[in-house]
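Below is one structure; the comments refer to it alone.
The values are calculated or read from the model by the stated rules, or taken from the named source; none is laboratory data. Everything quoted here is computed from the prediction, not taken from an experiment. Glycine gets a Cβ as well: all are built from the backbone with ideal geometry, and neighbour counts include every protein chain shown.
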Amino acid sequence: MILLLFRIKNWGAGAVLLSFKKGQLETQQTIMVVFIVVLLILLGLILFYRYLLADIDNQNKDYERDKFNNLMYTFSLSPEVVCSNYGVSDVLCLDSAKMLAFNALSLEDRYYKQQYGYRNITVRLLYPYENSRICSVNSVECGVWILYENIPESYDYMKIVRKTPVSVYINDKDQYGIGEMVIEGYI
Amino acid sequence: MQKRGQGVEYNWIFVLVAGVFILAFFIMFVFKYVELQEKKLSAQAGRAFDQALSTLEAGELYLDDDMFDLGLIVKIDMRCDEEEAYYLVNDYYDHKFGDIILFSDRNYQTRSFDAWINEWNEGFFITNFVYLADPNKVFYIVYDSSTAADVLENIDLPDVFNVKYVDYSRINMELDIENKKNPKIIFITQAAPSLNLDAQVMYIDRDNQRLVFIEDGNQYKDNYFSEALMFGAIYSGDYSSYSCMKNRAFNRLSKVVSLYALKASILNRLIIDSKCDYSQIQLSLEKLSQFAEEKDEDMVKQLNDFVVVQNKELGGRGCAVVF
């Protein structure tokens, strides 16, 4: 009887011990599952966040590219370079003397660096003659005008190059020529 | 038995705490995402605004509200000081105007605009002025018998804007400003107005080229020497924004004129012809640039007329003109 009671007691204690260990195991399992689920969710969120950032970055680059393409047209209309005759502007024509003046001013004046940022703007004469000599206020025979030059120090920027044909009025010869305007941008 | 119950209790407590943390994390994520999306939309609207201005610069003369549409209603604030001018979208995205001179109200809550680009040319091209207005804004141009002919012929705002011409003798009948969003009344009459109106009011004295902005009972006076600047005053929301943009216009004038002065000196070196002497016009242009920077309007007007005459004389002698 006593032995039976002892066995029953032990069995009860064992059963309690067993169920206590089982509860611990279940808790641990729950913790593991929750932990893994949270990790997966976090991973998903991080990937989503990086996708968003990449999307915003791409949109920004598209915008910079569109702005750069606009510059191709609007720069040739600016009073600093456009040909004019008694105050009337000539569309898509660049004045050679103005180009020289603009180059000189853009080197000194911070205003133009703020306006145009990291760009290189060059005009090359193709007709009636080609001449690779860079024009300056003292040079007569030349064919390349460097209007604006501002290259970034770091080359992490992406370089874009656009070209467009332009008419060039050569002041000292009083004649019109055909040239190519090259704009390099860094975005 | 008690220990088994405790184990289950601990389990529930853990689940609850973990659940609260996860829920809090998700709520925070949702709020941050919404905030990010709002910022993204503000940036998109700002860029659409910039694109529309570029379209104007590239050749379009007018843009109505269908063509100048930002896609959603945003708050836009126009800011201007001596150094720079920029617009701010939803108090978040800002963008500089560059060398565009823009005359408009200071604050908008809208999705679209009516816009007009006008070349500022005083014998030579200086810059472009952009005039901007809310599509629902109404401009009332009040004239009287002495100014009717001048107003109806010369004060011709583009059709994209809501403009009404009102005869001063019938002002009580024709001036219907009730229920109008931010109306502007421009008196171009013999005498300054004495009416008390719940609207933006200004007076233009065409004979003396004078402007008077009437704001909260105060009068702010200014002169204009160019029609383009007069139109700028019409579209400006208040005197201070007009004044700031006018100063920027003069800074631009100074830069352009200094370039023409440099061109004159270059032509002097390149063109070897005794009858083509560019030194006089170069000197005048340098002075004009200096006076423009100092905002001395009277001297700017005088010198401007003078350099235009000098330029014509050069052309008359068969020399290449400076502008």
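Tabulated values for the structure
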{"item": "Any strands (runs of 3 or more DSSP E) falling wholly within region A:43-138 and containing at least 1 residues that are surrounded by 13 or more Cβ atoms within 10 Å (Cβ to Cβ), away from every other protein chain (no Cβ under 12 Å) and not hydrophobic (A, V, I, L, M, F, W, C)", "result": "A:119-127"}
{"item": "Count - residues of region B:104-123 that are in a strand (DSSP E or B) and in contact with a Leu (Cβ under 6 Å, 6 or more places away or on another chain)", "result": "3"}
{"item": "Single condition residue A:153 does not satisfy, out of (1) buried (at least 19 other Cβ atoms within 10 Å of the Cβ); (2) out of contact with any helix residue (DSSP H, G or I) (no Cβ under 9 Å at 6 or more places or on another chain)", "result": "(1)"}
{"item": "Complete set of residues in region B:96-130 that are hydroxyl-bearing (Ser, Thr, Tyr) and closer than 20 Å to residue B:46 by Cβ", "result": "B:104, B:108, B:110, B:112"}
{"item": "Odd one out for residue B:81 among (1) away from chain A (no Cβ under 12 Å); (2) without any contact (Cβ under 8 Å) to a residue 24 or more places away in the chain; (3) surrounded by fewer than 17 Cβ atoms within 10 Å (Cβ to Cβ)", "result": "(2)"}
{"item": "Filtered residues of region B:234-248 (kept if hydrophobic (A, V, I, L, M, F, W, C) and buried (at least 21 other Cβ atoms within 10 Å of the Cβ))", "result": "B:234, B:245"}
{"item": "Unique match (being closer than 19 Å to residue A:78 by Cα and touching a helix residue (DSSP H, G or I) at 6+ places or on another chain (Cβ under 7 Å)) among B:279, B:254", "result": "B:254"}
{"item": "Residue tally, condition over 14 Å from the mean Cα position of the chain (by Cα), part of a loop (DSSP other than H, G, I, E, B) and closer than 21 Å to residue B:236 by Cα, over region B:47-87", "result": "6"}
{"item": "Among (1) in a loop (DSSP other than H, G, I, E, B); (2) over 28 Å from the mean Cα position of the chain (by Cα); (3) surrounded by fewer than 13 Cβ atoms within 10 Å (Cβ to Cβ) - the single one residue A:142 does not satisfy", "result": "(3)"}
{"item": "Positions within region B:13-30 being of a type in the set (A, V, I, L, M) and loosely packed, with under 12 Cβ neighbours inside 10 Å, in sequence order", "result": "B:13, B:16, B:17, B:20, B:23, B:24, B:27, B:28, B:30"}
{"item": "Test: residue in region B:150-172 that is surrounded by fewer than 19 Cβ atoms within 10 Å (Cβ to Cβ), of a type in the set (Gly, Ala, Ser) and over 20 Å from residue B:241 (Cβ atoms)", "result": "yes"}
{"item": "Residue within region B:31-46 that is loosely packed, with under 11 Cβ neighbours inside 10 Å, in a helix (DSSP H, G or I) and either under 40 Å from the mean Cα position of the chain (by Cα) or modelled with pLDDT of 90 or more (or both) present", "result": "yes"}
{"item": "Out of B:126, B:101, B:141, sole residue that is touching a Leu at 6+ places or on another chain (Cβ under 7 Å), among the β-branched types (Val, Ile, Thr) and either surrounded by 15 or more Cβ atoms within 10 Å (Cβ to Cβ) or away from every other protein chain (no Cβ under 13 Å) (or both)", "result": "B:126"}
{"item": "Scan of region B:52-105 for residues that are of a type in the set (S, T, N, Q) and modelled with pLDDT under 90, ordered by number", "result": "B:54, B:55"}
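Residues checked against (1) closer than 27 Å to residue B:43 by Cβ; (2) in contact (Cβ under 8 Å) with a residue 12 or more places away in the chain; (3) touching a strand residue (DSSP E or B) at 6+ places or on another chain (Cβ under 6 Å):
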{"site": "A:68", "(1), (2), (3)": "yes, yes, yes"}
{"site": "A:95", "(1), (2), (3)": "no, yes, yes"}
{"site": "A:99", "(1), (2), (3)": "no, yes, yes"}
{"site": "A:106", "(1), (2), (3)": "no, yes, yes"}
{"site": "A:111", "(1), (2), (3)": "yes, no, no"}
{"site": "A:114", "(1), (2), (3)": "yes, no, no"}
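Per-residue answers, yes or no, for (1) crowded, with 16+ Cβ neighbours inside 10 Å; (2) under 30 Å from residue B:139 (Cβ atoms):
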{"residue": "B:257", "(1), (2)": "yes, no"}
{"residue": "B:269", "(1), (2)": "no, no"}
{"residue": "B:282", "(1), (2)": "yes, no"}
{"residue": "B:292", "(1), (2)": "yes, yes"}
{"residue": "B:296", "(1), (2)": "no, no"}
{"residue": "B:314", "(1), (2)": "yes, no"}
{"residue": "B:319", "(1), (2)": "yes, no"}
